[in-house]
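Nothing in this text is a laboratory measurement; each read-out follows from the coordinates by a stated rule. Being a predicted model, the structure only gives us computed values, none of them experimental. Positions of Cβ are generated from backbone atoms using ideal geometry, with glycine treated the same way; all protein chains shown enter the neighbour counts.
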Amino acid sequence: MKEPIVCPVCNATNKPKAVTCRVCGERLVERREKGGRKAPVVLQRVMSGEMFSAVVVSGSEGVRRSRSALDAPALAPEAAVPTEPEPLSDADVSRIVREVLGHSQRGDFVQAIAMSDRILAERPRDTKALIVKADALFRAGHHREAAAVFDALVGLDPENAKLWLDRARIQKAMEEFPAALQSYDTALALDAKLADGWYERALVLESLKNLPGAIESLAKTLELKRDHPQAVRKRVDLERVQSRAAVQSVADDIEREIAQIEERARARVAANGAAAGDVLAEGPQAPVAEPEAPATAEAAAAAPAPAAGSSPKPRRERVTGRVFTYVDGLDEALNGGIPEGHVVVVAGPPGTLKSSVCLSVLAFNAAKEGRRVLYVSFEEAPDTLGMNARSLGLPVDDAPALLRIVDGRALADGLAADEGWVDGFAARLRALRAEHAFEILALDSLDGIEALGRFPDRRRAIFRLFEHLRGLGATALVVTERPDLVVQGVVITGRWAEDFLADGVVQLRHHFVSDVEVQRRVRVVKMRGTRHDPSFLSLLVEDGRLRVTRAMST
């Protein structure tokens, strides 16, 4: 077996056939003279049958074999002719870089760093040598030195997104999270398609306690790479944590409000000497104002007289803290509208205008009052829903910046069908509210939500969903399919978990006036916090407006 060659300069071992030292670049075989001064070559055969070249060195005794011979270590150091190392060629640099990577993978970091320095001694701005040196430093645990190398790299090539990404990874490993976030943002600004960069940025944001930003970054990761398993799991975990924090925040707010109410009640009792039961009695209902009297005699004379046979219609004052439905007659039945912040179930069989009623409420509030509203459809595509609304004359195009219709299936994409589905979906609604700041929300429908979530415990899941909706601080309308059950002319509503958990229930149904005539009817079954008319009202569509009237009994 051939013995390795020992470099006379750095004492590094080299292969028997090596020409230059793999560490310091020292030439191991003497240069041959050019032209006519070239020494004669003598071939020598050894017992193994191998052939070795030999050169005649003038001024020395006998023939000296080359450094590739087996007895190369036996040569006296003074017999070698000192020569200057040749400059590294591009091929030499590529070869040394490959060897540096090999040393790093084998854990020989000292050798890898020394070989990188060999290149940098001649080429201090060589990016490949700087990168492999930084990699070796990082693997060896010298994070600060590796970060300094990458600082130099991004200074040499500030438009290279991958250099910024590697710099951010080193800063993240050193737990310098604000600096790492800046480096990730710079890398992603240069190349927004780095899916791993978005994922790692989310981890940094999680460490900085910025859960909404982390969830948004994970959403960008899955947009670029839908099958990113770590991003999918991390997003579910963060959405669950965020939803729990939101529920706890709502519970804390409620406890604070209750404490403030009790404190004010005790203060009033102490001030007025009244009993606590009188103080805590139910508050007054929304007032109905009488017709305003003319301020002057001239105004009274100019006011139009009521038509013959008719009585003046009293003007209902707009009640604060209510969502006006803009369904003629329904707000009167609700005594001023839906209380803000309520979760209201809109139930009925197909064809009873459930979706149209909800979309009408949203469209008119956006057009008339400038409220931001959001309609989430799990059943129909947003374009189809808008086309159907226009066919009824609803003002869906009057305030397009305020009325937003989104596809619920796309919104819930990627959520695992388990108990955590509701928490993940609620987290995405909160992200939408942070972006759109909607005041009224419609979910169409609860059946579509159940199909996606596949809840093992339906009542528990609906309870959590409604609590999340209340935590948004918006008024929510939840559409649900409900069959008409009529037994001997009596409407049977049945027992539904959402009816007990919701703040309000609006029921729509078909009423058979005769064998051939059918009316749509609506009834406010339940509405907490307000007096309401529980009677059935006829639901009509006239000139782009929905209207309810007193139903005639048959």
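Okay, here's what the table says:
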| item | result |
| --- | --- |
| For region 149-174 versus region 200-222, the gap between their alpha-carbon centres in whole angstrom | 20 |
| Computed Rg/Rh of region 420-469, alpha carbon atoms with Kirkwood Rh | 0.97 |
| Long-range amide H partners of Val346 with built H, under 5 Å | Val478, Val479, Thr480, Val506 |
| Entries of Lys220/Lys354; Lys220/Lys526; Lys234/Lys526; Lys133/Lys220; Lys368/Lys526; Lys133/Lys209 with Cα pairs more than 30 Å apart | Lys220/Lys354; Lys220/Lys526; Lys234/Lys526; Lys133/Lys220; Lys133/Lys209 |
| Local electrostatic count, Ala168, Cβ distance below 13 Å [Lys/Arg +1, Asp/Glu -1] | -3 |
| Sequence-distant residues sharing a close amide H with Met527 (under 5 Å, placed H) | Val505 |
| For region 121-215, fraction of C-alpha pairs farther apart than 24 Å, in % | 20 |
| Environment charge at Ala381 (Cβ cut-off 11 Å; Lys +1, Arg +1, Asp -1, Glu -1) | -3 |
